[in-house]
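Quick note: the coordinates plus some simple rules give every number you see, no bench work behind them. Just so it is clear, the structure is predicted and the values come from calculations on it, not from any experiment. No Cβ is skipped: glycine too gets one built from the backbone with ideal geometry, and neighbour counts run over all protein chains shown.
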Amino acid sequence: QVLGQDWRGLASLPWIETPAASAHHRLLRRALAPQGLAVRRVAQVDQEASMLDLVRSGVGLSLVRDSVAIREAQARGLVVADRVALDCVLSFVCLAARAAEPPIEAAWAALGEVWG
């Protein structure tokens, strides 16, 4: 039911949702809302492990990180949607008043080395 589906097709399937404050919820809403879509929620959980348990049990769909999706697909045969993707921005922030502290300076330096 998941393979070959776009966001419209996926939204019509049962979903395990997360609370509105969660990153999963915000990412999914940003993908669906511009198309006037919303998921068909059958459960709401606030722990990734619980979401995965419900997906494994066949209760519904859920967003998961790529690494988790690949592992679950290989280990347990879960299906990963093949026609949709989400971009997620990773940000590093700190209080300006603490930016000169050695551990924070070291973190900024390491980030600069990795991502320039």
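Summary of values
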{"read-out": "Odd one out for Glu17, checked against (1) crowded, with 16+ Cβ neighbours inside 10 Å; (2) more than 21 Å from Asp87 (Cβ to Cβ); (3) among the charged types (D, E, K, R)", "value": "(2)"}
{"read-out": "Enumeration of residues in the range 21-73 that are more than 14 Å from the chain's Cα centre (by Cα), loosely packed, with under 14 Cβ neighbours inside 10 Å and among the hydrophobic types (A, V, I, L, M, F, W, C)", "value": "Ala33, Ala38, Ala73"}
{"read-out": "Members of the range 5-25 found to be of a type in the set (Gly, Ala, Ser) and in contact (Cβ under 8 Å) with a residue 24 or more places away in the chain, listed by number", "value": "Ala11, Ser12, Ser22, Ala23"}
{"read-out": "Residues of the range 94-108 classified as loosely packed, with under 10 Cβ neighbours inside 10 Å and under 28 Å from the mean Cα position of the chain (by Cα), total", "value": "1"}
{"read-out": "Wholly enclosed helices (runs of 4 or more DSSP H) of the range 26-116 bearing at least 1 residues free of Cβ contacts under 8 Å to residues at least 12 places away in the same chain, acidic (Asp, Glu) and farther than 26 Å from Trp7 by Cα", "value": "102-115"}
